[in-house]
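K.L.:
This is the structure I want to talk about, given as structure tokens.
The values are calculated or read from the model by the stated rules, or taken from the named source; none is laboratory data. Please read all numbers here as calculations on a predicted model, not as lab measurements. Cβ atoms come from the backbone with ideal geometry, glycine included; neighbour counts cover every protein chain shown. For the accessible areas, the whole protein counts, side chains as well, though only heavy atoms, and no ligand, DNA or RNA atoms are used. Shrake-Rupley method; radii C 1.70, N 1.55, O 1.52, S 1.80 Å.
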Amino acid sequence: LLGLQVIVTTNGVNLRSMIKELLAAGIDSLWISLDEPSHIHDLIRGRTGLYDSIYNIISENEKLILDYKKNGFTLNISFAITQMNYKYMKEFILSTKDLPIDLFWFTHINYVSEGIASQHNKCYPQYKIGSSCTHEEMMPSLINPYEMLISIYDLKKTGGYLSKNITIVPRLDDYIDYEDYY
């Protein structure tokens, strides 16, 4: 009526008990955080068995999801790229190729180092920030920019072959961009 969209983002912990109610409520999009391989996902998200649980929930509810897609519902995956999983992105697309996923959103590691936080806070003391990282083992310096570039290339190629909608943010165009970012 007002042209608003309802989007739900989840780490999937409570997805089993909520997916049917979310769909019935008429949400427009469901975004699920899902990374590959499963043991890395579970480490990043802090819950053993979560990857398999999410995969199974989507698979078990595929018919229901497809029914709601007829009305414009979308199911999207958010994949956090880290040094622990950047070599597995192609395998992730292959392992989820049969699930009714509309968009795969791959996000390069977002981090604010102590130095960046300190610089920001000097410039903008009214908007203080702290250093951040999802997990203490996430270290951008452990990513090989060349291997990342090749992994992204393989992801895009495989995604194209499988007709998967893939977005990678931020957009990095060449080796220099990857080297600068990481």
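K.L.:
For the chain, compute Rh as the Kirkwood radius over C-alpha pairs and then the Stokes-Einstein diffusion coefficient at 10 °C and 1.306 mPa s; write the answer in µm²/s, rounded to an integer. Each step should come with its number before you reach the end.
P.N.:
On the way: Rh = 17.9 Å.
The calculation lands on 89 µm²/s.
K.L.:
OK, next. Pull up all non-local amide H partners of THR74: gap of 5 or more, or a different chain, and H-to-H distance under 5 Å with H placed in the peptide plane.
P.N.:
Residues meeting the amide H criterion: SER29, LEU30.
K.L.:
How far is the Cα center of the range 1-37 from the Cα center of the range 42-86, in Å?
P.N.:
About 10 Å separates the Cα centre of the range 1-37 from the one of the range 42-86.
K.L.:
Quick check: at a probe of 1.4 Å, how many percent of the accessible area of the chain sits on carbon and sulfur atoms?
P.N.:
Numbers: 5450 of 10480 Å².
C and S fraction of accessible area: 52 percent.
K.L.:
At 7 Å along Cα-to-Cβ for each site, give me the label-to-label distance between ARG47 and GLN5 in nm.
P.N.:
Label at ARG47, label at GLN5, 2.5 nm between them.
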